[in-house]
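Okay, structure first, notes after.
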Amino acid sequence: MYRNDVERKLGVSEERLNHAIKVMEKYHYFENWIWYRLGPTDLIVLFNLEFVNWLNKVYFNKNGFFLDREIHFLNAKIKDLENELGISHYEKNYPYLNVKELQEYFDKSNSSILKAIERMNKKTDCKCYREGKLYITPIGVKWLDQNYYRKSYIKELLNYKKILNEKENKND
């Protein structure tokens with residue numbers, strides 16, 4: 001789609017669209033969502049429909065939190081790519097982890113992990129004790145990954161989507 005058409009369709013200014021492009025480049029740095037062509041008199045900017053969809057469903061949609069919308073968008077795209085490639089859905093396995101192991105797993109400080117566990121306990125009880133040590137169940141580790149440390153989860157989703165895109169490009 002032409003840039004002017006996207007601005008009109010979404011009802012946004014050039015300045016807001018430029019800011020959206022900067023945000024997109026931060027998260028989706030490997031995507032080929034924008035093409036530049038030299039026209040007879042000026043530069044023509046074309047956007048991939050997936051980028052327009054991302055703008056509409058993630059960036060300019062104000063329902064919920066940005067990172068939650070990003071996760072939902074990525075999960076939907078990954079599911080579409082897996083179906084297209086005939087690959088079974090990838091489900092990450094989470095282990096039982098104690099506090100020290102959680103620090104290494106998420107690369108976070110002890111205080112950050114304890115705060116995350118405290119917030120997790122408000123939503124769900126995923127603690128257990130083994131040999132006198134506090135452990136977080138796989139359901140709790142998954143909750144922490146997908147709901148508390150969402151930025152690292154988004155990076156994992158983006159890396160997996162990148163692998164799927166490469167497989168799709170090889171098949172074309």
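Among the candidates Asn159, Asn169, Asn110, Asn147, the residue that is open to solvent by 80 Å² or more (accessible area, probe 1.4 Å), closer than 30 Å to Lys26 by Cα, without any contact (Cβ under 8 Å) to a residue 60 or more places away in the chain and of a type outside the set (D, E, K, R) is uniquely Asn169.
Among the residues making up the range 26-50, a single one is within 23 Å of the chain's Cα centre (by Cα), open to solvent by 100 Å² or more (accessible area, probe 1.4 Å) and among the charged types (D, E, K, R): Lys26.
For Ile139, indicate whether it is modelled with pLDDT of 90 or more and in contact with a Cys (Cβ under 7 Å, 6 or more places away or on another chain).
Taking the combined requirement at face value, the residue satisfies it.
The set of residues from the range 1-17 being open to solvent by less than 60 Å² (accessible area, probe 1.4 Å) and among the polar types (S, T, N, Q) comprises just one member, Ser13.
So, of the residues in the range 114-139 that are in a strand (DSSP E or B) and open to solvent by less than 90 Å² (accessible area, probe 1.4 Å), which turns out to be nearest to Asn93 (Cα to Cα)?
Filtering the range 114-139 for residues that are in a strand (DSSP E or B) and open to solvent by less than 90 Å² (accessible area, probe 1.4 Å), the one nearest to Asn93 (Cα to Cα) comes out as Ile136.
The values are calculated or read from the model by the stated rules, or taken from the named source; none is laboratory data. For clarity, every value in this text was computed on a predicted model and none was experimentally measured. Cβ: placed from backbone, ideal geometry, glycine included. Neighbour counts: every protein chain shown. Just the protein is used for accessible areas: all its heavy atoms, side chains included, with ligands, DNA and RNA removed. Shrake-Rupley method; radii C 1.70, N 1.55, O 1.52, S 1.80 Å.
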